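*Asks:* Below are the structure tokens for one structure; questions will follow.
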Amino acid sequence: MKRTYRTLNDCEMQHNAEVGLFTRPSNFIIMEGQTLDVKIINPFINATLNVLETMAFIKSDAQKPYLKKDNVAKGDVSGVVGFTGETNGTVFITFDESCILKIVSNMFGEQINEINDEIKDAVGELTNMISGQARKELEEIGKVFQGAIPSVVSGKNHEIKPLTKGPKIAIPFKTDFGNFTVEVSLESKS
Amino acid sequence: MDLNMKVLIVDDFTTMRKLIRNILKQIGFANMIEAENGKAALKVLKKENIDLVLCDWNMPEMPGIDLLKAVRSDDELKDIPFVMVTAEAQKDNIVEAVKAGVTNYVVKPFTAETLIEKLNAIFKG
């Protein structure tokens, strides 16, 4: 029988600070009456770490996740991608300016000093890769999803509205060059 | 591998076109043409003598898989080596690409070494 949890913040919500993955005996948590499948969220965390390390040689440390209740982005530029399948959802990756400038500079092997069209395009491609990698890992546990083409939003305090309804969990990451946050919103299971 | 061959890089993201171009440049390729979707790529293929296509899957206008099918069903183009370079790594995608006649498949994210290895495998004969 599957156990469920009531909040993200109490002791029942175990967070493995070292690897940043959710670890608990159940696959599900319940937030404000809505159920969230952590088996769907973890592949997005793994994919983010893998994509940034492979493409930009940057290691990231996941911090404690939290429930996000507003749509204001933590970062200066964000990639957004929807996915459909056994549940529908949206993934956001929102980067601090210093962090994304270092990531893209590393990718291209040249210094980039401002958020320009090149940076926005790179955020779109990074989001696309993270979506693809996560869906590959999800397929390995029998969950098949289709991904959409990502979009990019930028500016201080920009809003990123989920393409789907449901609770939104935010996983902050630290790098030596700044921070970024991955947010996953999943439609609730009935 | 003939470094004078003409390579067509097809991706809707300029970032990926630039990354691939940089890798190819590093190993000595000089003739590269870019297209931002399958439709634009097909026009290039009809006009230029392309020796190798490196193509994304998910693109607006015409996705990579449709370009691959169009290439393989065209008598003039059907023998061009066609490498899918894509974040779409699910089994169904790979099977569909193989059935459509893809020459090789590179999953994003990838390293320069991976891309070079795949190209060496294609052109070693």
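*Asks:* With label points built 7 Å along Cα→Cβ from the Cα atoms of A:Ile149 and B:Arg72, find their separation and express it in nm.
*Replies:* Distance between label points: 2.3 nm.
*Asks:* Placing +1 at every Lys and Arg Cβ and -1 at every Asp and Glu Cβ, with all other atoms neutral, what dipole size does the stretch B:6-123 have around its Cα centre, in debye to the nearest 20?
*Replies:* Details: 16 positive and 18 negative charges, 38 e Å.
Computed charge dipole of the stretch B:6-123: roughly 180 debye.
*Asks:* Is any residue of the stretch A:64-88 close enough, with backbone N under 12 Å, to a label point placed 7 angstrom from the Cα of A:Lys161 along the Cα-Cβ axis, and if so, which?
*Replies:* Counting backbone N atoms under 12 Å from the label point, the list is A:71.
*Asks:* Output the Cα-based Rg and Dmax of the protein assembly as shown in Å, rounding Rg to one decimal and Dmax to a whole number.
*Replies:* Both quantities, over Cα of the protein assembly as shown: 20.4, 65 Å.
*Asks:* Continuing with the same structure: Just checking the output field for B:102-109: average partner chain Cβ neighbours within 10 Å of each residue's Cβ?
*Replies:* Working: counts 0, 0, 0, 0, 0, 4, 10, 15.
Partner-chain Cβ atoms within 10 Å, mean over residues of B:102-109: 4.
*Asks:* Seen from all sides and averaged, what is the projected area of the convex hull of the Cα atoms in the stretch A:102-151, in nm²? Mind dumping the intermediate values first?
*Replies:* Details: hull surface 16.1 nm².
For the stretch A:102-151, averaging the hull's shadow over all directions gives 4.0 nm².
*Asks:* Rounded to the nearest 500 deg cm²/dmol, what is the calculated helix-only ellipticity per residue at 222 nm for the protein assembly as shown, with -39500 (n - 2.57) per DSSP H run of length n ≥ 4? Intermediate results must be reported in sequence, preceding the final value.
*Replies:* Values: 8 runs with 109 residues, N = 315.
When only DSSP H runs of four or more count, the value is -11000 deg cm²/dmol.
*Asks:* Taking every pair of distinct Cα atoms and averaging 1/r, then inverting, what Kirkwood hydrodynamic radius in Å comes out for the stretch A:15-186? Please list the in-between numbers first.
*Replies:* Numbers: mean 1/r = 0.0627 Å⁻¹.
Result for the stretch A:15-186, one decimal place: 16.0 Å.
*Asks:* Something else: Just how far, in whole angstrom, is the stretch A:46-75 from the stretch B:1-74 if you go by their alpha carbon centroids?
*Replies:* The stretch B:1-74 and the stretch A:46-75 have Cα centres separated by 31 Å.
*Asks:* Assuming R0 = 41 Å, what is the FRET efficiency of B:Ile122 and A:Lys39, from their Cβ-Cβ distance, to the nearest 0.05? List each step's numbers first, then the result.
*Replies:* Numbers: r = 37 Å, r/R0 = 0.91.
Approximately 0.65, to the nearest 0.05.
*Asks:* Is there a quick way to get the dipole size of the protein assembly as shown? I mean about its Cα centre, with the Cβ of Lys and Arg at +1 and of Asp and Glu at -1; what is the value in debye to the nearest 20?
*Replies:* Details: 38 positive and 44 negative charges, 143 e Å.
Dipole size: approximately 680 debye.
*Asks:* Where a ≥ b ≥ c are the square roots of the eigenvalues of the C-alpha gyration tensor, would you call chain B rounded, which needs a/c under 1.5, or, failing that, prolate if a/b is larger than b/c, or oblate?
*Replies:* Numbers: a/c = 1.26, a/b = 1.12, b/c = 1.13.
Taking the square roots of the gyration eigenvalues as a ≥ b ≥ c, chain B is rounded.
*Asks:* Same structure again: Just going by the charge dipole of the protein assembly as shown, with Lys and Arg at +1 and Asp and Glu at -1 on Cβ, which of B:Val85, A:Pro65, A:Leu101 is farthest out on the positive end?
*Replies:* About the Cα centre, the residue reaching furthest to the positive side is A:Pro65.
*Asks:* Using every pair of alpha-carbon atoms in the stretch A:51-133, split the distances into 10 Å bins beginning at 0 and state the percent of pairs per bin, rounded to integers.
*Replies:* 15, 49, 30, 6, 0
*Asks:* If packing is taken as the mean number of other Cβ atoms within 10 Å per residue, what is the order of A:65-75, A:172-182, A:40-50, highest first?
*Replies:* Numbers: A:65-75: 16.2, A:172-182: 19.5, A:40-50: 21.7.
With the highest mean Cβ count within 10 Å placed first, the list reads A:40-50, A:172-182, A:65-75.
Every number here is computed from the coordinates shown, using simple stated rules; none is lab data. Because the structure is a prediction, the values reported are computed rather than measured. All Cβ positions, glycine included, derive from the backbone under ideal geometry; neighbour counts span all protein chains shown.
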